[in-house]
Amino acid sequence: MVFKMNDLLSLGNLKSLGRRWLGVVFVFCLAIAFSGQSVWAKLGSSASSQKRYATAKKEYQNLLYSKKKMKYRKNWMQAIAGFQLVLKKHPKTQESYKSVFTLGRLYHKLGKRTGRAADIDQALAYYHRLESKFPSGWLTDDALYFAGQLYLHRKEFPQARAAFQKILTHHPKGDFVPKARRQLKNKVLLAKKKISVNPPTVVLKDLTFVSGANETRVVLKVDGSVKYSKKRLRNPDRVYFDFKNARWGDHIPNNISVEDGRVEQLRMTDTKGVPSRLVLDLDEQTKQKVAVQVSKNKLIIVVPRHKEKFIAVKTKSPKKKMAVRVAKNSTSAKAQAKRKTPVVVVDAGHGGKDFGAKGAHGLLEKDINLQISRLVQKILKNRYRYKVIMTRKSDTFVELKDRGKIANSHNADLFVSIHANAAKRKSAHGIETYYLGSGSNEQALETAERENGDLVHSVADDAVQEILASLISTTKINDSSRLAAIVQKRLHQTMSKRFSGIHNLGVKEGPFFVLHDTNMPSILVEVGFVTNRQEGRHLRGKGYQKWLAESIARGIHDYLEEIAPSI
């Protein structure tokens, strides 16, 4: 029943008893409306929030019912993203309340599988968020109990005791009261003496390597004093380091391929209950001692070059002999001598007066392109020992028609142009790789038109078609498509393992003028959209740029290794 103001004023003519009765009813109605005794009195619901929550819940159930899916972190992150979307789109609904709890459970289960401290931290954050925002909710005692378990496992006993005690104090009728009471009888939690805990965990936050002429250096950066032990094993030959008080940072991969003739690969492991480990898989010919240097917050592992021996080789003059230095593992010296050093041209798109695409907060494509291109150049030169030519080394303007000429003049084996994407639709995101072609979809044509800039208007349509027709049937296109496929695969595999939300847009063909005038396999890589808020923020980051460059360089190396006999 709804009262208007005139109706309430007209009640003044009623007798005193009637006024008292109506007053009691009115106050009772207000009390019901604003009591807020239950969390559900504060939260509503809607068809859209229910639908979105049901979708996220289905993804969660599909994950838990599949042992295969649970093996891969990206599947966990996909399930997590579904509930995070509910929180973002429907923050004041019953579904958001349940989503906070489920996010805690997801990170809890993921942390138990991976042993990553960061995952457990996220679980605790969501559990405490539920307690803070919804102290009287029917899931809050569950969250407190699970938080207490995590603290107990971490040997953070005061926090564990506080979590269990809150269940008894604030949720005396909760279904977790018996379990919390049993936990509080634990002798460890009852101890009044100060409980000793493990020393603070040091984060192994960065791992890089440099392959030089005389040695391979593996540099490990840490954020404190690290305790380690070293051991060498044979068959296969490897050296491993155990770090007793440290854990790997979240963005450190499980393995990094080196393959420089001394070190085959680096392997990193984090297993619950055992020290974090770094393994150097060595080449079978590496017999030298692996040295370790400590410098401030760095641990430097040095693997020297192979031992060498001198043999006497006859020259044209029988009276003269020449000492020749031969490496012990040079069984195919003649084959290596015949194989020339590959030449790779790395083209940083745009530059100078040509800004390229523009993102939020002054983010310019030309800057992103140059930063990533420099990293690619460094990896290709230092690790793989390739000769690398840059079409531009600084913020300068280079005509599109001149970039291909640079590659041709150096008789390059590959041409790789690096760009960042843009779209009117701000939600567009992802990584894609192009090779020269007519372009079979609208999005590819739009991307090509933007990258071509003013040049697209300076060449007549019939001339464009003539160029494309003469090239599409050549082996260059076939090799370019293969190169694009390898680089794109490496990009997606590497980035999706280390960052969530990576979208694989695949390999496409497009009429890019920067590719049409080259005489070698040529591709154009779009590393992400500067117009997408999240992807633009990633593209600014040095760590993200590093892994993009790592992926592109490794893809180039994979392709060159595949066609090695023909180079």
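The values are calculated or read from the model by the stated rules, or taken from the named source; none is laboratory data. Please read these numbers as outputs of a predicted model, since none were measured by experiment. Because the Cβ atoms are built from the backbone with ideal geometry, glycine has one as well, and the counts that use them run over all protein chains shown.
Specify which of the listed residues (A79, A162, A118, A180) is under 28 Å from the mean Cα position of the chain (by Cα) and modelled with pLDDT under 90.
Sole residue among the options that is under 28 Å from the mean Cα position of the chain (by Cα) and modelled with pLDDT under 90: A118.
Out of all the residues in segment 131-146, which are of a type outside the set (S, T, Y) and in contact (Cβ under 8 Å) with a residue 40 or more places away in the chain?
F134, G137, W138, L139, D142, A143, F146, listed by residue number.
Out of the strands (runs of 3 or more DSSP E) lying entirely within segment 230-275, which hold 3 or more residues that are surrounded by 15 or more Cβ atoms within 10 Å (Cβ to Cβ)?
Here the list reads 238-243, 246-248, 263-269.
Which residue is nearest to Q377 (Cα to Cα), if the candidates are limited to segment 534-563 and must be without any contact (Cβ under 8 Å) to a residue 24 or more places away in the chain and part of a helix (DSSP H, G or I)?
Per the stated criteria, the residue is K542.
Quick one: would you say K405 is charged (D, E, K, R) and touching a helix residue (DSSP H, G or I) at 6+ places or on another chain (Cβ under 9 Å)?
no
From S409, S427, S417, S394, which residue is surrounded by fewer than 22 Cβ atoms within 10 Å (Cβ to Cβ), hydroxyl-bearing (S, T, Y) and touching a Leu at 6+ places or on another chain (Cβ under 9 Å)?
S394
For (1) closer than 28 Å to L144 by Cβ; (2) modelled with pLDDT of 80 or more; (3) in contact with a Gly (Cβ under 6 Å, 6 or more places away or on another chain); (4) of a type outside the set (S, T, Y), each residue gets a yes or a no:
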{"residue": "K185", "(1), (2), (3), (4)": "yes, yes, no, yes"}
{"residue": "L189", "(1), (2), (3), (4)": "yes, no, no, yes"}
{"residue": "K193", "(1), (2), (3), (4)": "yes, no, no, yes"}
{"residue": "S196", "(1), (2), (3), (4)": "yes, no, no, no"}
{"residue": "P200", "(1), (2), (3), (4)": "yes, no, no, yes"}
{"residue": "L207", "(1), (2), (3), (4)": "no, yes, no, yes"}
{"residue": "R217", "(1), (2), (3), (4)": "no, yes, no, yes"}
{"residue": "L220", "(1), (2), (3), (4)": "no, yes, no, yes"}
{"residue": "P236", "(1), (2), (3), (4)": "no, no, no, yes"}
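Restricting to segment 356-377, name every residue that is assigned to a loop (DSSP other than H, G, I, E, B) and under 24 Å from I389 (Cβ atoms).
Residue satisfying the conditions is G356 alone.
Quick check, is T169 at pLDDT 80 or above and hydroxyl-bearing (S, T, Y)?
yes
Considering every residue within segment 524-533, establish whether at least one is over 29 Å from S409 (Cα atoms), assigned to a helix (DSSP H, G or I), of a type outside the set (S, T, Y) and under 20 Å from the mean Cα position of the chain (by Cα).
yes
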